[in-house]
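The values are calculated or read from the model by the stated rules, or taken from the named source; none is laboratory data. Source: prediction; values computed, not measured. Cβ placement follows ideal geometry from the backbone for every residue including glycine, while neighbour counts extend to all protein chains displayed. All accessible areas refer to the heavy atoms of the entire protein, side chains included, with ligands and DNA or RNA removed. Shrake-Rupley method; radii C 1.70, N 1.55, O 1.52, S 1.80 Å.
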Amino acid sequence: MANDIKKQSSVFTKEALRILENTLVMTKKVHTDYNSEFSQKVNGMKKGDTVSVRRPADFTVRTGATRSNQDVEEGSTTITMNSQIGVDVGFTSKEMTTDIDKSGVRDRVLKPAMIQLADYIDRQIMDLYKYVPTWQGTPGQTIDAFTDFAKGPQRMDELSVPTERCGVLSPADHWGLLGGQAALQASDKLVQDAYTMARLGNIGGVDTYSAQNVPTHTVGAHGGTPLVNGASQNDTYATAKDTSNFTSSLVTDGWTASATVLKAGDVFTIAGVYAVNPVSKAKLPFLRQFTVTSDVTADGSGNATLTVSPAMISSGAQATIDSTPADNAAITVMGAASTGYRQNMIFHKNAFAFVSAPMEMPASAYGGTRESYKGISLRLIPGYDHTNDIESWRFDVLFGTKAIDPRLACRLSGTA
């Protein structure tokens with residue numbers, strides 16, 4: 001009997017995991033190769049719930065024949081599996097006898113349960129937008145033309161982001177762009193798919209999807225006339241490389257006193273501080289965008305210290321800006337105060353990471369099973385309530401997410 005229960009549980013677990021993986025959108029497109037790290041053992045002991053991820057080293061080109069050694073400086077960050085989620089369902093013996101069959105289980109139980117899990121996991125990945133400093137377009141405008149969409153991959157080209165890219169759009173932006181594609185000559189295969197099947201596919205080298213759980217970011221109050229407070233605020237790669245989100249601190253003033261002036265995820269620019277090409281280090285013709293990684297409240301005099309990403313590094317192999325901010329340089333926040341905007345994104349898979357490992361099976365679990373598929377692990381433990389004659393199924397997923405290099409992503413809005 002125990003073998004029969006375990007066999008049935010394994011069938012349901014495999015089918016549920018297949019539905020879960022198939023339902024995911026964002027999660028399937030990010031880096032998952034760290035999953036194996038959690039199953040390794042050190043001196044026979046489990047490694048724990050956290051692994052360290054190296055940030056790549058960078059170098060500058062020597063000119064001339066004289067040797068000039070460069071230190072290999074690799075930063076690091078960590079990914080922690082700290083999210084356990086699940087869906088729990090139950091059936092009476094009568095339902096199991098008369099109402100539940102193998103085909104019915106899939107459609108009536110497994111599919112709706114896995115849709116809920118997939119939606120939650122995808123939302124955790126999408127919520128990493130707040131660490132992405134690059135935001136193209138005009139907040140509040142719908143993406144309804146290829147020229148709107150193209151601003152994202154164009155900026156990513158300028159910032160030397162690798163070309164294997166994915167995009168996730170809100171339904172409004174998906175259908176707005178779809179209408180623009182369908183208006184083109186219908187002989188093109190992409191246009192035919194857009195017009196007849198509502199499928200965007202690959203646009204400008206970006207594998208593009210729609211997701212209803214694209215988050216909305218509400219901008220902070222950002223009142224006053226914010227300015228940089230103090231010249232030559234700068235970092236070095238050595239000091240920034242091991243911060244959790246590759247951040248620097250920026251001292252500012254001029255905000256509305258005693259207010260939450262910025263929210264985590266707000267994007268701003270500083271007058272006179274330009275971006276540089278990550279490879280050539282050449283100054284680019286646009287200001288460097290920064291994102292605030294935690295909420296900011298100004299004091300009673302309007303002063304505030306911001307934690308911003310990327311780190312402000314003005315020289316060397318890991319430079320992110322062409323020059324340090326000047327004292328009293330103006331700060332411009334993207335978007336209207338206290339207003340919400342959908343956070344469409346285009347990204348290279350290495351911008352974000354998802355990790356999941358098989359959960360331990362409790363010794364007292366009767367007939368439980370666990371399965372792993374394409375970087376996702378799912379555990380099912382059946383149980384029985386003899387008082388109420390109910391058989392219950394407990395589905396669990398243990399996972400973690402991280403923005404490991406958000407410079408490889410771009411938020412995207414339409415244009416006015």
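General remarks:
- Local electrostatic count at LEU412 - Lys and Arg +1, Asp and Glu -1, tallied over other residues with Cβ under 12 Å: +3
- Accessible area per residue for the stretch 200-249 is 41 Å², calculated with a 1.4 Å probe on protein heavy atoms, without ligands, DNA or RNA.
- Estimated FRET transfer efficiency when R0 is 30 angstrom, pair ARG108-LYS374 (beta carbons, to 0.05): 0.75
- For SER210, residues with placed amide H under 5 Å, excluding near neighbours: LEU169
- Each residue, ASP207 and THR387, gets one label point 7 Å from its Cα in the Cβ direction; the gap between the two is 5.0 nm.
- Net charge over other residues, Cβ less than 11 angstrom from the Cβ of THR142 (K, R count +1; D, E count -1): -2
- Contour excess over end-to-end distance, with Cα ends at ASP242 and GLN116 and 0.36 nm allotted per residue: 41.8 nm
- Other residues with beta-carbon under 12 Å from the beta-carbon of GLY265 carry, at +1 per Lys or Arg and -1 per Asp or Glu, a net charge of 0.
- If a spin label sat at a point 7 angstrom from the Cα of THR225 along the line to its beta carbon, the backbone N atoms of the stretch 244-259 nearer than 14 Å would be those of 253-256.
- Exposure ranking of ILE270, ILE115 by accessible area [1.4 Å probe, largest first]: ILE115, ILE270
- Residues whose amide H falls under 5 Å from that of GLY224, counting only those 5 or more places apart or on a different chain, are THR256, with hydrogens built in the peptide plane.
- Given LYS14/LYS130; LYS130/LYS241; LYS241/LYS349; LYS151/LYS374; LYS29/LYS283, the pairs whose alpha carbons are separated by over 27 Å: LYS14/LYS130; LYS151/LYS374; LYS29/LYS283
- From most to least packed by mean Cβ count within 10 Å, the peptides 21-33, 364-376 give 21-33, 364-376.
- For peptides 403-415, 201-213, sequence by mean Cβ density within 10 Å, most packed first: 403-415, 201-213
- Between THR305 and SER160, full extension at 0.36 nm per residue minus the direct alpha carbon distance yields a gain of 49.2 nm.
- Euclidean distance of C-alpha centroids, the stretch 202-255 and the stretch 324-344, integer Å: 9 Å
- Ranking of LEU177, LEU287 by solvent-accessible surface, largest first: LEU287, LEU177 (1.4 Å probe, protein heavy atoms only, all chains present).
- Taking all protein chains into account, the per residue accessible area for the stretch 351-400 stands at 45 Å² (1.4 Å probe).
- Euclidean distance between Cα centres, the stretch 271-293 to the stretch 119-136, Å: 22 Å
- Note on THR80 and SER93: the extension gain reaches 0.7 nm, defined as 0.36 nm multiplied by sequence separation minus the Cα-Cα distance.
- Largest first, the residues ASP327, ASP322, ASP173 sort by 1.4 Å accessible area into ASP327, ASP322, ASP173.
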